[in-house]
Amino acid sequence: MHFVFNRYLSGKTIFIIASEFLLILSTAYISTLFRLGLDKTEIDIYNPNFAKIIVPTAAYIIVFFYFRLYIPDLYRPGRVMIIKLFEAILTAGIVLTSIYYLFPSLKIGRGIQFINMLLMPFVILGWRVVISRFPASGLAEQRVLIIGAGELARNIGKDIFKGTEQGFNLVGFIDDDPAKFGKSIINPGVIGGYGDIKSIVFSNKVNRIIVALKDRRAKLPMSALLDCKLCGVTIEEGETFQERMTGKIPVEHLKPSWMVFSDGFKSLRSRKIIKRASDLFFSAIGLLVLSPFLLLIAMLIKMDSKGPAIFKQLRVGENGKEFNIYKFRSMMYDAEDKTGPVWAVSNDERITRVGKVIRKLRIDEIPQLINVVKGDMSFVGPRPERPYFVEKLKEVIPYYEMRTLVKPGITGWAQIKYPYGATVHDAMEKLQYDTYYIKNMSPLLDFLIFLITIKVVFTGSGAR
């Protein structure tokens with residue numbers, strides 16, 4: 001189970017979420033004891049009060065997630081972390097008050113929520129201070145040595161050095177070319193050759209080695225690496241490390257052998273059956289519940305500019321099959337009459353006044369629920385691209401057709417991880433996230449994407 005979760009969240013994040021879930025649960029129960037007394041609140045999992053404290057516990061975890069308290073930069077207490085913690089606790093209080101108003105049976109007693117909110121900042125801050133100093137928590141510093149000095153090694157070094165993942169300290173690079181010794185790659189540089197690996201590992205207390213070589217079939221010093229591994233040093237492929245660290249797969253360095261032997265890219269048939277059943281259920285409910293809202297949006301679009309409220313456009317779907325996608329029109333009706341197919345940009349002059357709002361909040365995507373019902377799309381998956389751009393991108397981007405192995409989605413891993421883009425470079429970046437999604441596709445990842453998408457809709461951050 002830990003391995004499955006670790007595909008999407010680092011081991012540190014999993015540890016913090018799990019430990020704080022138990023901690024918040026305990027705090028809620030202690031608050032109940034303070035208010036009602038031990039004689040009225042027996043410690044019994046079948047006690048109704050115990051069952052009810054699951055609600056505030058889940059609310060705090062979800063709100064903390066939305067306030068980004070589970071990103072590496074906010075693991076340890078600091079000014080920004082403390083501000084966000086207090087904002088999150090106040091927000092959770094408002095959320096719980098609303099829940100209790102709508103569902104009075106979930107209340108756990110008068111004053112308990114207030115006591116819980118008073119205790120929460122001290123509990124969370126105290127716990128974060130403790131675990132940040134406890135090596136077994138996984139928050140202790142990882143000293144990293146990279147074997148290789150090429151592009152992949154440089155990219156991994158940049159990610160570590162700029163702090164993409166807190167807790168890693170780059171010791172340096174290893175290369176078999178003596179001419180590169182002492183050469184700066186990013187900062188630091190090449191600090192030795194293959195014959196120096198063991199001495200560097202032990203003298204610098206390295207606990208993780210990343211192999212980032214373009215061709216390692218006849219180059220790797222296997223004996224030295226085996227000795228290091230037997231001494232407890234973690235050995236990891238560069239592609240695997242970068243996948244876990246960034247949530248994307250570097251396709252420009254991707255080798256078929258890595259895809260064949262790596263975990264993931266398993267049979268998609270059973271997953272597709274589960275996805276299709278859930279897609280039909282939730283899209284039907286969504287269309288039914290949102291129908292009055294959709295009618296209002298359609299009226300606003302018609303009032304703002306001439307043309308139909310909903311337009312259809314040809315896209316490429318699963319296995320390269322083309323279909324018509326439905327969207328609320330956010331541009332002028334004749335937007336491409338003179339230019340032909342072009343990528344839209346965030347400040348595009350063709351976007352209407354209503355279009356700016358519905359694009360920012362992704363409301364323009366809601367009619368795609370019709371595509372989900374028809375089976376052309378799923379809730380979660382790679383965004384469907386237009387045939388014109390697919391043909392262009394296939395010529396310059398390796399493995400671009402891989403993204404058509406699954407149904408395209410209304411939202412997806414690339415949409416929540418990468419901002420709107422309108423260049424070949426942006427298409428390459430998004431493909432790396434899409435490839436990660438296809439490799440690790442599961443109901444858990446879909447649920448995570450769905451939660452983050454809701455946050456994007458309400459905050460407008462990262463909207464395309």
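Remark: for residue pairs LYS321/LYS430; LYS84/LYS407; LYS214/LYS275; LYS219/LYS248; LYS356/LYS394; LYS356/LYS392, the C-alpha separation exceeds 32 Å in LYS84/LYS407; LYS214/LYS275.
Ranked by the mean number of other Cβ atoms within 10 Å of their residues, highest first, the peptides 320-327, 179-186 come out as 320-327, 179-186.
Pairwise inverse Cα distances across the stretch 352-464, averaged and inverted, put the Kirkwood hydrodynamic radius at 14.5 Å.
Compute the whole-percent fraction of alpha carbon pairs in the stretch 141-246 spaced more than 19 Å apart. Counting every Cα pair in the stretch 141-246, those more than 19 Å apart make up 35 percent. Our estimate of slack between ASN204 and ASN169, defined as 0.36 nm per intervening residue step minus the Cα-Cα distance, is 11.5 nm. Amide H contacts for ILE147 (H built 1.01 Å from N in the peptide plane; partners 5 or more residues away or on another chain; cut-off under 5 Å): ILE174, ILE210, VAL211, ALA212. Counting Lys and Arg as +1 and Asp and Glu as -1 over every other residue whose Cβ lies under 10 Å from the Cβ of LEU314, the net charge comes to +2. Other residues within the sphere of radius under 14 Å centred on the Cβ of TYR400, judged by their own Cβ, net out at -2 (K and R +1, D and E -1). Ranked by the mean number of other Cβ atoms within 10 Å of their residues, highest first, the peptides 275-282, 382-389, 401-408, 431-438 fall in the order 431-438, 401-408, 382-389, 275-282. Where a ≥ b ≥ c are the square roots of the eigenvalues of the C-alpha gyration tensor, would you call the stretch 269-459 rounded, which needs a/c under 1.5, or, failing that, prolate if a/b is larger than b/c, or oblate? It comes out oblate by the Cα gyration axes.
Within the shell of other residues whose beta carbon sits under 14 angstrom from the beta carbon of LYS374, the net charge comes to +1, with Lys and Arg scored +1 and Asp and Glu -1. For the pair SER98 and ILE310, label points projected 7 Å from Cα toward Cβ lie 2.8 nm apart.
Throughout, read-outs are computed from the coordinates displayed, never taken from laboratory work. Keep in mind that what you see is a predicted model, and the values were worked out from it rather than measured. All Cβ positions, glycine included, derive from the backbone under ideal geometry; neighbour counts span all protein chains shown.
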